[in-house]
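Right, one structure below, let's go through it.
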Amino acid sequence: MLRKWGYFIYLGIYFNILGALAQTESHGLVNWLSLKEAQEKNKLAAKPFLIDIYTDWCGWCKHMMKTTYSNPNIAAYINQNFYPVQFNAETKDTIEYNGKLYKPLSLEPKTPHELTIKFLGNSLSYPSTMFVTNNFEYNLLTQGFYDEKKIEPLLVFITENAWRTGIYDEFAKHFDHTFYDTTFKKVPVKTVTFSELEKLQKKKPKKVLVNISASFCNTGRVMRKTTFCDTAIADYINKNYYLVDFDAESNDTLMYKNQKYFKQLINNYPLHSLSLALTNNRLTLPSLVVMDEQLNPIETLSFYQSPQQLVPILKYFATNYYKTGNWKSFIAEFQSGKQK
């Protein structure tokens, strides 16, 4: 009798394993939601959407599910930072999206849904992945199969709000230089500690850049490895600025303006209080604080800054144009070649 029950137990385990494998193949390790569920959850706690647009007959859609979305690290990152949605491009359901109803265009098989046309336009290619920020302010559409390496910069670009300040193709290139391209040539840029600034300013006054980031901030790492080491920027920083690479998770006690700053709980997370003081309590990661020669903050640049974005900004402050003219006038002169 024990042998008979043992047989059925092992048989049950065998079929459970098969069921788990089938589940992984069809859904991966991502906790997929419907569009309705994602929008309801977003009302309670805002997150961006990752919408996997697929069809039942699409082989590459299935392959992406078996590989990319079955990668434990990728799936965990998506589950934590996104509301992931599986959307059948040929569904026959009526769907509400961002306050508007979308209906099937036909009951015939292999006919795209009205919402599919909104997402993809005339480019009906599968799989497609639509990234939508939590307030529906920004959409980023990618098409085709994306493996683990290729989808990483997309996830970071959306999660860490690099879309607010950057262009994706440019960011993806710098992301690759940071994490994968070991042959990427960097121009040396000199960094100093915050504690060294007062002595340096007495010897040779310069403006200061404080790059505030943290170990978990991927866009901050991209800035350190590419933006500040860019050929158009490194020499200019070395000549006109002192650059401080400041860790927002630092354990050091620091003096600034005759006041002590140290690590403490900020919104239930341990961060250095100086990072808030320098950004006027509006800290985002990364943040780049521009300071004058007396170590007074002039401006805080939030989120990722690419080399192309940063060049005119550095010149705007280094030349003291900000004291007599506004940014709009300066950038017009810069683009016309009057500011070099």
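In segment 224-271, how many residues are closer than 28 Å to Ile167 by Cβ, out of contact with any Cys (no Cβ under 9 Å at 6 or more places or on another chain) and not in a strand (DSSP E or B)?
The qualifying residues number 17.
Taking segment 299-314 as the range and being surrounded by 18 or more Cβ atoms within 10 Å (Cβ to Cβ) and more than 22 Å from the chain's Cα centre (by Cα) as the test, only Leu314 passes.
Examine segment 172-179 for a residue that is outside any helix (DSSP H, G or I) and surrounded by 13 or more Cβ atoms within 10 Å (Cβ to Cβ), and state whether such a residue exists.
Within segment 172-179, the subset outside any helix (DSSP H, G or I) is none.
No, there is no match, as no residue in segment 172-179 is outside any helix (DSSP H, G or I) and surrounded by 13 or more Cβ atoms within 10 Å (Cβ to Cβ).
Within segment 233-246, the set of residues being more than 15 Å from Tyr316 (Cβ to Cβ) and surrounded by fewer than 18 Cβ atoms within 10 Å (Cβ to Cβ) comprises Asp235, Asn238, Lys239. Pairing each residue of segment 223-244 that is in contact (Cβ under 8 Å) with a residue 60 or more places away in the chain with any residue that is surrounded by fewer than 19 Cβ atoms within 10 Å (Cβ to Cβ) and small (Gly, Ala, Ser), provided the two are 6+ apart or on different chains, yields C-beta distances under 6 Å for Asn240/Ala318. Any chance segment 149-160 includes a residue that's surrounded by 14 or more Cβ atoms within 10 Å (Cβ to Cβ) and part of a loop (DSSP other than H, G, I, E, B)? Within segment 149-160 (the criterion being surrounded by 14 or more Cβ atoms within 10 Å (Cβ to Cβ) and part of a loop (DSSP other than H, G, I, E, B)), the answer is yes, since at least one residue qualifies.
Applying the criterion of being in contact with a strand residue (DSSP E or B) (Cβ under 9 Å, 6 or more places away or on another chain) and over 22 Å from Leu314 (Cα atoms) to the residues of segment 181-223, the residue that is surrounded by the fewest Cβ atoms within 10 Å (Cβ to Cβ) is Ser215. Taking the listed residues Thr68, Thr116, the one that is touching a helix residue (DSSP H, G or I) at 6+ places or on another chain (Cβ under 9 Å) and surrounded by 21 or more Cβ atoms within 10 Å (Cβ to Cβ) is Thr68, with no other qualifying.
Among the residues of segment 106-118, is there at least one that is on the phi > 0 side of the Ramachandran plot, of a type in the set (Lys, Arg) and without any contact (Cβ under 8 Å) to a residue 60 or more places away in the chain? Yes, there is a match, as at least one residue in segment 106-118 is on the phi > 0 side of the Ramachandran plot, of a type in the set (Lys, Arg) and without any contact (Cβ under 8 Å) to a residue 60 or more places away in the chain.
Taken as a whole, the condition of being at pLDDT 95 or above and under 28 Å from Lys225 (Cβ atoms) does not apply to Thr253.
Can you tell me which residues in segment 99-131 are among the β-branched types (Val, Ile, Thr) and not in a strand (DSSP E or B)? Full working, then the answer.
Going residue by residue through segment 99-131, those that are among the β-branched types (Val, Ile, Thr) are 111, 116-117, 129.
Within segment 99-131, Thr111, Thr116, Ile117 qualify.
Cβ-Cβ contacts under 8 Å between residues 6 or more apart (or on different chains), taken from a first residue in segment 284-301 that is at negative phi to a second residue that is in a loop (DSSP other than H, G, I, E, B) and acidic (Asp, Glu), are listed as Leu285/Glu160; Ile298/Asp292. For segment 81-117, filtered to residues that are over 23 Å from Val30 (Cα atoms) and among the hydrophobic types (A, V, I, L, M, F, W, C), the residue that is farthest from the chain's Cα centre (by Cα) is Leu107.
For first residues located in segment 35-52 and under 17 Å from Thr159 (Cα atoms) and of a type in the set (D, E, K, R), partners that are at pLDDT 95 or above and assigned to a loop (DSSP other than H, G, I, E, B) and lie 6+ apart or on another chain with Cβ distances below 6 Å form the pairs Lys47/Phe82. Can you tell me which of (1) crowded, with 18+ Cβ neighbours inside 10 Å; (2) among the hydroxyl-bearing types (Ser, Thr, Tyr); (3) not in a helix (DSSP H, G or I) is the one Thr284 doesn't meet? Every condition holds for Thr284 apart from (1).
Quick one: would you say Asp230 is farther than 25 Å from Tyr316 by Cβ, among the charged types (D, E, K, R) and within 24 Å of the chain's Cα centre (by Cα)? Spelling it out, it is not the case that Asp230 is farther than 25 Å from Tyr316 by Cβ, among the charged types (D, E, K, R) and within 24 Å of the chain's Cα centre (by Cα).
One residue is enough: does segment 203-218 have a residue meeting the conditions in a loop (DSSP other than H, G, I, E, B), of a type in the set (Gly, Ala, Ser) and touching a residue at least 24 places away in the same chain (Cβ under 8 Å)?
Keep residues of segment 203-218 that are in a loop (DSSP other than H, G, I, E, B), which gives 204-206, 214-217.
Within this subset, residues satisfying the condition of being of a type in the set (Gly, Ala, Ser) are 214-215.
Narrowing the set further to residues that are touching a residue at least 24 places away in the same chain (Cβ under 8 Å) leaves 214-215.
Yes, because at least one residue in segment 203-218 is in a loop (DSSP other than H, G, I, E, B), of a type in the set (Gly, Ala, Ser) and touching a residue at least 24 places away in the same chain (Cβ under 8 Å).
Every residue, every condition in (1) of a type in the set (Gly, Ala, Ser); (2) within 29 Å of Phe303 (Cα to Cα), yes or no:
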| site | (1), (2) |
| --- | --- |
| Pro104 | no, no |
| Ile117 | no, no |
| Leu140 | no, yes |
| Ala172 | yes, yes |
| Asp176 | no, yes |
| Ser195 | yes, yes |
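The values are calculated or read from the model by the stated rules, or taken from the named source; none is laboratory data. In this text, all values refer to a predicted model and were calculated from it rather than measured experimentally. Please note: Cβ atoms are built from the backbone with ideal geometry, for glycine as well, and neighbour counts cover all protein chains shown.
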